[in-house]
1. Is it the case that A:F177 is modelled with pLDDT under 95, assigned to a helix (DSSP H, G or I) and within 14 Å of chain B (Cβ to nearest Cβ)?
2. May I ask you to verify whether B:S570 is within 14 Å of chain A (Cβ to nearest Cβ) and over 18 Å from B:A701 (Cβ atoms)?
3. Looking at segment B:594-630, which of the residues that are part of a strand (DSSP E or B) and within 12 Å of another protein chain (Cβ to nearest Cβ) is farthest from B:G655 (Cα to Cα)?
4. Answer yes if at least one residue in segment A:86-100 is at the interface with chain B (Cβ under 10 Å from one of its Cβ atoms) and without any contact (Cβ under 8 Å) to a residue 40 or more places away in the chain, and no otherwise.
5. For segment A:130-143, name all the residues that are assigned to a helix (DSSP H, G or I) and either at the interface with chain B (Cβ under 8 Å from one of its Cβ atoms) or surrounded by 13 or more Cβ atoms within 10 Å (Cβ to Cβ) (or both).
6. Within segment B:765-777, can one find any residue that is buried (at least 23 other Cβ atoms within 10 Å of the Cβ) and over 16 Å from B:S581 (Cβ atoms)?
7. Read through the list (1) farther than 30 Å from A:V98 by Cβ; (2) modelled with pLDDT under 90; (3) part of a helix (DSSP H, G or I), then give the number of the only condition that A:M1 fails.
8. Please go through segment A:133-162 and give me each residue that is more than 23 Å from A:R175 (Cα to Cα), more than 31 Å from the chain's Cα centre (by Cα) and not acidic (D, E), ordered by number.
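The values are calculated or read from the model by the stated rules, or taken from the named source; none is laboratory data. Being a predicted model, the structure only gives us computed values, none of them experimental. Virtual Cβ from ideal backbone geometry, glycine too; neighbours counted across all protein chains shown.
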Amino acid sequence: MSLDLLSAIFGLIFTLMVFSYLLGDNPLFRVAVYIFVGVSSGYAATVVWHYVLVPKLFEPLRDPNQLVILVIPLILCFSLLAKLTPRISWIGNFAMAVLVGVGAAAAIGGAVLGTLIPQVQAAIDAFDFRAAPSASDAFFGLLSGIVMLMGTVFTLGYFHFSAERAADGKIRRNRVFELIASIGRIFIAITFGVLFAGVYMSALTAMIERLGFVINFFRQFIGI
Amino acid sequence: MLQIGEKPTKKNTGELEPILPEWLRDVRQQARESAEENAAQEAAQPKVQKNEPPDLLAGLASQAGADDDAIPDWLAGINPATAAKPSESPAREPAPSMAQDDRLSLMGEPEDLSDVREEKDELSEWFSRASEQPGEPFTFEPGESQDDLDLMSNLDASAASLQQPAPPKEEEDLGWLHDLEASAKRSAEPSAPRQDLGSMPDNASSQPSSGGEDLSWLNNLGGISEPSQPFDQPQGKPVPAQPAAPQEDLSWLDNLGRTEPSQPTQPPAAQEDLSWLDNLGGTSELPQPEPARPSSDVPDSSSPILSPRRTAPLSEEAENESLPEWLKSATEEPSMPPLGAGALSWFASHDLDGNQPAATQESSASLSGEMPGLSEETPSPPFGQAQETGGSTPSSESLPASNQDVDALFSMDVPDWLSNPESGVSDVSLQGAEISPAEAGASLAPVELPSWVQAMRPVEAFISEAAAGTEDQAPEREGPLAGLRGVIPLLPIGSSRRPKALSLTLQATDEQQAGAALLEQILAGETAARPLVTSSSVASQNVLRWVLTGLVMVVLGAMIGLRSQSMPVSTALPVEVSAASNAIANIPEGAPVLVVVDYEPALAGELEAVSGPLLDNMVLLRHPNLSFLSTSPNGSALVERLVSNTKINGPAPEGLGYQPGVQYFNLGYLPGGSAGVLAFIQSPQTAIPAADVENFSQYAAVIVLTDHAESGRVWVEQLDARKQSDPALASQPLLMVASAQAGPLLQPYVSSRQVAGMISGLPDAARYESVNNVPPGIARTYWDAFGIGLLLAIILITFGSLWSLFTGIRLRRAGAE
């Protein structure tokens, strides 16, 4: 039996096991989930060992020139293991701080330089008629800009919950904010709808792929 | 010993006259003389009813029925009708018992006085006994009035219920009364003073009453404050026959037992002689047990009861000189009003023959009404006044003197039967009336009532409360309080004696109460269980889910199984898809292209279907060297699947014939997240030693395959930040192949031109494949099923929305109705 056939069989079995969730939570589904988690974790561990620890930490230690440089990362690496024990978890605080600091720096820098500024610039450029190649482009650009601006403002206005007590004792927001919130509710609903559609299409595509796999398996198994 | 209910024996006290001491004989002689005078005066004068104090013993008389047996013999002997009864010889009995018997008989209902004559001798016997024997202190307690009444009532009942012939000794005791009776009839015959008055009740001999002659000395007897000798029952001394006394002197005795027609009539003169009896109770301090009178001398059961009491003192003029000390004390003014005034007045109203039953009954009624403090018609006057009123008894003026004499008699020896009643009445009632000699001699003005009298006397508080309602109260008809009214105060429930009800309501303002009510509502709401809104049926959800799933699977399976490709694909490419297509076309031939595989295995089928047309088109057009890199550990495993499913590594002509390590490289896992990406961008070979380029700018294009926006944003941000420092990266296109769920989130980067182009979802892939004439790949294979699936979803969502709308409207209509 070839490996492909064996993998196909296991694939079919696991697919059906996952499909059993339609009947509710059951042991077959749980077994399939546990196997996937286990296999994924094992593969990840293997990849980390072979692609990270060995080539980047252990093999350089053989080189005396790199030993001095790699001692510090080696110590920090083992210090992170202390996080497993609450009593000595304080030992890995420095290594954790280095990781958090470096990650935060890269993330913040990229967020500011790669998202915040460019996005603001793009929002401003939407109202720049000079950048538009044609009048229609400018018009549609302006229209998209307005819609984008309104959506942003109205969505942010929806999350403004400050209110005051009216004469009749009821708690109400300002009428202007109430109008903005209602429009912002529409934008939020549209956004959620788009996201739901995207998720549905992704899931539908995945389901089609799985059904196709099963059908093709049986077709090949049957010989159709 | 006379028992309760037994008929006292009739005694003849006339025989006891010789036995009396000389001084007593003199006294008796004087009494007779005065009695004669008084009788003559009263006969001429109309009867004037004085406002005498109520006879406390009248009630006992009212309880008298037709029973004559309870009448003691000495009292019954007064009645002429009872004179025929044989007089009994004086019997030697214990003094207390005999005294008790006489007392009982005295307190009993008036009986037939036919034996009065025969029992007159009892008085003389009693006197003789009293002089010889020390009297027992007769004590009464104020609080035992009710007990005394009970005693009297019991005695009356017992006396009335029995009409037995008295034992011989009792008949002998009443012999002196018989003599008195006889003397009363003769009226003019002088009689020897009775000398046996001291031993009256216990004389066994029953002698015909000597009438008023023998007892005339009694008229001069005054109230005795404290007896020199306690009243004691004579110890069975034989009572000699008393000589007949003038009828006038003993007229008062004739009326003692007068309750029935058989009672001998009393001449008016006899009534005058009984005036001294009215004063008997007014001088005594404490009531003493009455002397043991001969049972024959006891009048009818309806006769008033002469309870032991302090008697009025004798007049100082005549008696103090000749009277002994023990009798002088009796002459002192009684500390209490004559108790037996009313009773004795009754005696005075009746002659010895008992010819005045009506009067007797009236007097008995009056006497019963004169019981402690209360009467039938009038409010209860003070005890002293009650005794003085005497009810309707005639010759009340003569009674005080008679009462005094009687008190003097009664203050002598107190028989045991009277001091220790057998009916269960507590001795306290009798002991409470113990008169201390010192008290009796010291205080004369304040009347010290015997305890049993005080007990019967209403308390002021009760009087004040009951006084108003006394008139409204009906007299008692039965029981020991028969004939009385207001003895037990009729206080309504919740009278003034009850404490006032205090309001326990909390003083709170309206605002506080409103706040308290609000707090109460809040607390009630917290404890109240909220009704759970449960759906009608939960199973229908699972059924609906199964139905929909089965429908979708069937439809999709059919489309897939049929390999249908009938659904058209739009050729209008979106802007971002067109840009991506342009970017691919601008890649140099054989240039390295970085392909970042950052999606999860769950959506591997979609990404393979979406990325397949792009990769196939790029490989077909530009034959680049593909470098596959992944920021997740599982990405490296997905690279092979991707290359396999996209037919990149498939052999030609079916595949594109790419070989690993030659045309495409699997760089593996890039650790560090954003930092690792930054590091790889800065120096690819530093981050990944197997990288085939030295600078990141050597990559002709960067294609990021992702199913989540985070991974794509990281690459976009890091590349864009690096482009500012490295201008060579500015011309490097960044293409995104995103899942349908991540595409909308990465659209801003496309709009901002940070991403050159993006293919999002299967529709874009299908359009791209259709436009670029890419060989039919996975996207086209999935397109029909994908379209049917979308159409089915749209139909189901629309139908479900309409159904929800319809049911909502129907529920609202039902709720409105």
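1. On the way: modelled with pLDDT under 95: yes; assigned to a helix (DSSP H, G or I): yes; within 14 Å of chain B (Cβ to nearest Cβ): no.
Against the criterion (modelled with pLDDT under 95, assigned to a helix (DSSP H, G or I) and within 14 Å of chain B (Cβ to nearest Cβ)), A:F177 does not qualify.
2. Values: within 14 Å of chain A (Cβ to nearest Cβ): no; over 18 Å from B:A701 (Cβ atoms): yes.
Criteria not met by B:S570.
3. Going residue by residue through segment B:594-630, those that are part of a strand (DSSP E or B) are B:594-598, B:625-630.
Adding the requirement that they be within 12 Å of another protein chain (Cβ to nearest Cβ) leaves B:629-630.
Values: B:L629: 22, B:S630: 24 Å.
So, considering only residues that are part of a strand (DSSP E or B) and within 12 Å of another protein chain (Cβ to nearest Cβ), the one farthest from B:G655 (Cα to Cα) is B:S630.
4. Going through segment A:86-100, the residues at the interface with chain B (Cβ under 10 Å from one of its Cβ atoms) turn out to be A:99.
Then keep just the ones that are without any contact (Cβ under 8 Å) to a residue 40 or more places away in the chain; that gives A:99.
Yes, there is a match, as at least one residue in segment A:86-100 is at the interface with chain B (Cβ under 10 Å from one of its Cβ atoms) and without any contact (Cβ under 8 Å) to a residue 40 or more places away in the chain.
5. Start the filter on segment A:130-143 by keeping residues that are assigned to a helix (DSSP H, G or I), which leaves A:130-131, A:135-143.
Residues satisfying the conditions are A:A138, A:G141, A:L142.
6. Looking for residues that are buried (at least 23 other Cβ atoms within 10 Å of the Cβ) and over 16 Å from B:S581 (Cβ atoms), one finds none in segment B:765-777, hence no.
7. Only one criterion is unmet by A:M1, namely (3).
8. Within segment A:133-162, A:P133, A:S134, A:A135, A:S136, A:A138, A:F139, A:F140, A:L142 meet the criteria.
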